[in-house]
Structure formats: structure tokens, C-alpha cells
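Quick notes on the structure that follows.
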Amino acid sequence: MKLVEKYPLGSVVVLLPLWIALYATLQQAADALVLVTGLPQGERLTEAVRFFVYEVPKVLLLLTLVVFVVGIVRSYFSPERTRAMLGGKSLFAGNVLASLLGIVTPFCSCSAVPLFIGFVEAGIPLGVTFSFLIAAPMINEIAIVLLWGLFGWQTALLYVGTGLVIAITAGFAIGKLKVERFVEDWVYQIHSNNPGMEEAAPVFRDRIQSGYSAVSDIVGKVWPYLLVGIGVGAGIHGYVPENFMAGLMGKSAWWSVPVAVLIGVPLYSNAAGIIPIVQALLAKGASLGTALAFMMSVIGLSLPETIILRKVLKLPLIFIFVGVVAFGIIIVGYLFNIIY
Amino acid sequence: MNVKILGAGCSKCKALEQKVRQLDELHQLHLEIEKITDLNEIISYRIMATPGLVINGKLRSVGTVPKDAQLLQWLREEDS
């Protein structure tokens, strides 16, 4: 790690080919490893082990690459810059831009209130602000990697696309509803004369450095969840009969999507924590749309975040916010169930 | 020297507080460390992400946990 810190650019030149080589040989390596263990071919245990030793390094490799790239991209977008870019945009264009910026701007739901106030203070319309607040947690890089790794890039892209559509339309709808009166009055009375901080623009070296920090931060935190998740997946892969959950959460159960969202909204977990559950549901025959709706409602809407937002929003607006987003997620769930 | 850590209970805020306390102990800096969780006070520094780090009234970082070397440099700048 010290070497990487000292030579950020050089280390990329070395590590990237290494990454590609590792990724390209994963299947052979996993097969060889299974062969070495001497497990009998075709047995349940063998298949579970094969699944595990192939999926764990694959998802970890993908995660490392994506988090690294996202870390670099995020160094270009501070909340201050995002706010500046959103100033003076018309309603619909503002919603689109805010949703896109929500993906790339570093955001943690614990800073939702200072961010909200910062946006309102700068005169950014409420609907545009909400587009950002919806997209930022919901379109999550870990979820992207997981969908990409387990279902292919088309599914990951579809997830990003539908997340964007929800954020844009929900924000636009909230903007049209004229909900300004449901913002706590004190928010509009804030006039701070503290100058804030002037940020020096980082050089490219520093940006690569932030890519590495993101990897050690996020991958360092997420890997145990991934192990558990893929372990659960491997167990199910080998042992549980397929379509075990099909009756409950499969396509044929039309009510499964809204129920998944209803259960998911009050639950709160980061994307990493939800991985084992989604993995297990899917492997047992739950349909992708239902599982995805569940995941989006858990990571995109959360009780703690709404409680935090209650400090700046009156109750009706909290309900409108949760309601509009939940409705959007339900639509996406049905859409995925129809497509897949 | 007064050090304020602005943030209401996010994981990075705790990490930053812990780091500053460790540095304080390790290098005998005799810092006066305050954890600010009051929303209005946090907002008065015009930050849009937490944690915020304020050293002797000067806002030094927002939304990140800076590296030890960087923190020490800021603290030494204020000291001299």
C-alpha cells in the first residue's frame, strides 16, 4: 500500500494488466482448484465449492475495479461543485442533471440535511434537490457490480437506467406538487456568513490516490458481506431445490413486488449488507424484479434517513417523498419481472 | 489549540474523532477536542457533507477522513 501511495500512476500501469490477467484466468483457476481438492465431480458439495471459489474472486475483482474508477470520478464532483452546476437549471433539465450527479457525487445519507439546506440556500428548486436525494443512495456502485457480476452488464445498465428514471420523474412530480410550504420554516431563514472552505483543485495524482482510498475504504468494509452472501448463494446453489421461492416471490405472484417494497422501506442496510439476502432470494427462485425492488427499497429509502430529513421537512412532505419513490420502485419491479 | 469535529454520528465522523484523539495522545499535542453534533452549528460552517474538521476556527476538511500526515501538518501550521 505504501508503494501504491508513493507511485500512484506507476502502480496503475502495473496493476491493471495484472487485473485483466487474473480476471481472464478465473474460470480455469477455479476448475483447477476444485480438481486439486479431489472432490468427486458432479456432486452437490463440489458444485457449491466451485461456485464459491469462482464467484468470490470474480465479484471482488469487479468491485475493486468499479470502486477504483468511481473513486476517481467522484474526486471531480464535490457537493459544492454539484450545487453550482445545478444553479439556474429549468425544472426538467435540472431533474435529469441532478439525478446524474447523484450517481457521481460523494454522498452519505448522514449528510442529507446539511446537503438539503445547502441546496435550498442556493435557490435550487425542491424537485431538483429531491432528484438528487433519490438518485444518490439508490444508484449504488456496489449494487451495480453485483448485478454486473451475477447477471451481466445489461442488467446492471437497466438498473442504472430505471434508477435514473425513478429519480427524474419522482423529483419532477414533487417539483410540480408545489410542496415548498412543507419545508420547515427555519430552513429558509438560514443566512450564514461563514465563508466556507476554498478547495484547492487536486492534481491527477491525487485523484488516483482517492481511487485507491475508495478501494481500501469500501472493499475493506464490504468483503465480509460478500463472502457471506456468496457463501449463502453457494450453499443454495448446491442444495436448495430450484424455484423454492417461486410461488412466494416469483413472477406468478403479482402482489410480491408491492409486498417486497413494503417490507423493504422500513428496513435499512447498506448495499453490501443486503447482498446475502438478495442472493439467497434469487437463488431460491424469486424473480429478479421482485428482488431488485426489495433491494432498491432497502438501500434507497430508509427509516433513519427519513427521521434525519424530518428535521427539515414537515410530515406531509416526508410521506410524499417516500410514497413517490416507493411507487417508482414498484413500477421498476414489475418492469423487470416482465422483461426477465 | 481547539479542534472541532462537525458531524452527527456518521461512521466517518467517528473515525475522524478517533484519529484526532490518537494523534493528540501520540504526539502530546494537548488539543481541546470538541465533537459538534448540533445541526445548526454544523450548518453554520456551510458544509454539505460530514465530517467537517475545524482547527482554531478554520475549516480544514469536509466529508473526508484526512491522512495522519495531513492532519499533523495542519495542526503544526496552527501551532507556529
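Nothing in this text is a laboratory measurement; each read-out follows from the coordinates by a stated rule. Given the structure is predicted, the values throughout are model-derived calculations rather than measurements. Cβ placement follows ideal geometry from the backbone for every residue including glycine, while neighbour counts extend to all protein chains displayed.
At-a-glance table
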| quantity | calculated |
| --- | --- |
| Residue-count net charge about residue B:39 - beta-carbon cut-off 12 Å; Lys, Arg +1, Asp, Glu -1 | -1 |
| Shape of the range B:2-79, Cα gyration tensor, a/c cut at 1.5 | prolate |
| In sequence order, calculated HN-Hα J values of the range A:120-136 (Karplus, 6.51, -1.76, 1.60; Hz; x Gly/Pro) | 4, 4, 7, x, 6, x, 4, x, 5, 4, 5, 3, 5, 5, 7, 5, 4 |
| Fraction of antiparallel bridges per DSSP, the protein assembly as shown only, in percent to nearest 5 | 65 |
| Relative contact order, percent, chain A [alpha-carbon distance under 8 Å, six or more residues apart] | 20 |
| Relative contact order of chain B, pairs being alpha-carbon contacts under 8 Å that are 6 or more residues apart, as % | 39 |
| Distance in nm between pseudo-label sites at residue A:189 and residue A:254 (7 Å out along the Cβ direction from Cα) | 5.1 |
| Shielding score for B:35-42, defined as the mean number of other chain Cβ atoms within 10 Å | 2 |
| Per DSSP, loop trypsin sites (Lys or Arg not before Pro) in the range B:21-80 with at most 13 further Cβ within 10 Å | B:67 |
| Qualifying aspartates and glutamates (Cα of each under 17 Å from Cα of residue B:19; at least 8 residues distant if same chain) | A:217, B:32, B:34, B:68 |
| Rg(Cα)/(2.2 N^0.38 Å) for the protein assembly as shown, N = residue count | 1.06 |
| Where GluC sites (Glu not before Pro) fall in DSSP loop in the range A:25-100, at most 12 other Cβ within 10 Å | A:43 |
| About the Cα centre, charge dipole magnitude for chain B (Lys/Arg +1, Asp/Glu -1 at Cβ), debye | 320 |
| Debye, to nearest 20: dipole size of the protein assembly as shown, +1 on Lys, Arg Cβ, -1 on Asp, Glu Cβ | 560 |
| HN-Hα J in Hz across the range B:33-40 - Karplus 6.51, -1.76, 1.60, θ = phi - 60°, x for Gly and Pro | 9, 10, 9, 9, 10, 6, 4, 4 |
| Amide H contacts of residue A:183 (H built 1.01 Å from N, under 5 Å, at least 5 apart or other chain) | A:314 |
| Test item: A:106-119 mean partner chain Cβ contacts at 10 Å | 6 |
| Under-5 Å amide H pairs with residue B:36, H placed in peptide plane, nonlocal only | B:5, B:6, B:7 |
